[in-house]
1. Counting pairs of alpha carbon atoms under 8 Å apart in space and at least six apart in sequence, what relative contact order in percent does the chain give?
2. Amide H to amide H under 5 Å from residue 132: which residues, 5+ apart in sequence or cross-chain, H placed 1.01 Å off N in plane?
3. When the dipole is taken about the Cα centre of the range 193-257, and only Lys, Arg (+1) and Asp, Glu (-1) are charged at their Cβ, what size is it in debye, to the nearest 20?
4. Based on DSSP, what percent of beta bridges with both residues in the chain are antiparallel, to the nearest 5?
5. Tabulate in residue order the Karplus-calculated ³J(HN,Hα) for the range 315-325, using 6.51 cos²θ - 1.76 cosθ + 1.60 with θ = phi - 60°, rounded to whole Hz; enter x for Gly and Pro.
6. Considering only protein heavy atoms, what per residue accessible area in square angstrom results for the chain with a 1.4 angstrom probe?
7. Please give the charge dipole size of the range 121-207, origin at the Cα centre, charges +1 on K and R Cβ atoms and -1 on D and E Cβ atoms. Round to the nearest 20 debye.
8. In whole Å, largest first, what are the principal axis extents of the Cα atoms in the chain?
Amino acid sequence: MTFSPHPNSPSASRFPVVVVGAGPAGLAVGNILRAAGVGCLVLETESREFIEQRPRAGVIEEWAVRGLERRGLAGRLLERAERHSECEFRFDGRAYRFAYQELTGQHHWIYPQPLLVTDLVREYADVRGGEIRFGVRDVRLHDVHSDRPAVSYTDPATGERHMAHCDFVAGCDGARGASRAALPPSARISRHDYGIGWLALLAEAPPSADRVLFGMHAGGFAGHMPRSPGVTRYYLQCPPGDDPDDWPEDRVWAELQQRLRAAGRPPLTEGRLLEKRVLDMHNYVVEPMVFGRLFLAGDAAHLVAPIAAKGMNLALNDAFLLGDGLVAYLAEGDRTGLDGYSAACLRRVWDYQEFSEWLSEVYHGTSHGDPFRAGTTLARLRRLFASPAAAAAFAEQYLGTAGMY
Ligand code: RFL
């Protein structure tokens, strides 16, 4: 390992790697580094309590679960997560089960993101002894194009400014972090806006089915995602920028009941709404994902609207590749993983973006008032249930099992 000497200043420190952001990506990278004995510092703007409760994702693909397991990070997940084998499409007043596990041999694992983050923080900080600072302010990246990059931040308790020198910066601070702000003009950012909003809801209500439900309805898409025995995530398509206050509980449940109604299925079990926010559905991809000594991972590099439940899975894929690549280089001088990092991540990123776009048309194509789009959307749906080849292709993309990654 090659480390530069400690800078001669009381408020400066030196780590082989500084990880910016303690979401799934940053914490997975930190854990991989600590397991190999590589020193690192994780910087996070929020408090530990906040990140351990922030509700978001819930669906983890089986390859990602196995990736966590191989790195000793899935103990509680394997004990507590539910496994799903099928999902259900509802359209034209009927329900159509889609048994993806029979087609791929793999499951979706249902484990709320705050539980995964809680597990990863505990393992990193309390078990593997990793350094982490919560609540830091004014995080700034410096000299990432030199071989002596650094990250500065303000300590929330003292107000003192610190400089952490390092060999590499892992930019894992999501869509609005300091890493994205530090990108050079050469970064290409490709964007796609669906022009659609989703009202994202968390309900204190048991799931109404033991599977994910997708409702395609002339009034708009609706989704049902089990999260735990007492909590269910729901989505309702709405105009982008809609005000959540225009969606009182009565209106929410009336729309959900209507859009997810299907012959032979009971009405949804209703409950108090714990979260209600409007997401404007858009995507972006930053290319490449490496700028000098700054390696982006997760939402900092690519945002994928939660249409196909892919964002956290991509964040974990990046983290595995980056963590392993950094360990190989810092411990053995092998640069192969770091050199191929961006291209390897982007293969899965673009494939998942394409699938999300395809699925978005399935979800939303019947609700635009355009009979042509509604016709082609229904043709896609019917094909899934009539053609074994189409079903196999869908299952492979939905579970992320393609061999090409
Ligand atoms: P995160 O989770 O945003 O973590 C970034 C962390 O960085 C901190 N931060 C900073 N730290 C230091 N300095 C700064 N300047 C900083 N600025 C920010 C933040 O506080 C945060 O702690 O990014 P990461 O690790 O890349 O993980 C990405 C996932 O969080 C995201 O892709 C998923 O939540 C997307 N997503 C889903 N993905 C799935 O794979 N399956 C799902 O079922 C799924 N459901 C969802 C979702 C996202 C949703 N929302 C809220 C958009 C459902 C929803 C409703």
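The values are calculated or read from the model by the stated rules, or taken from the named source; none is laboratory data. Since we're looking at a predicted model, the values are computed, not measured. Counting neighbours? That spans all protein chains shown, and the Cβs are built from the backbone with ideal geometry, glycine included. Note: areas computed on protein heavy atoms with side chains; ligands, DNA, RNA excluded. Shrake-Rupley method; radii C 1.70, N 1.55, O 1.52, S 1.80 Å.
1. About 20 percent, as a whole number.
2. Long-range HN contacts for residue 132: 42.
3. 400
4. Counting DSSP beta bridges with both partners in the chain, the antiparallel share is about 70 percent.
5. Coupling constants for the range 315-325: 4, 5, 4, 4, 4, 4, 5, 6, x, 5, x Hz.
6. Computed with neighbouring chains in place, this is 41 Å² per residue.
7. Details: 11 positive and 12 negative charges, 57 e Å.
Around 280 debye, computed over the range 121-207.
8. That gives 72, 43, 43 Å along the principal axes, largest extent first.
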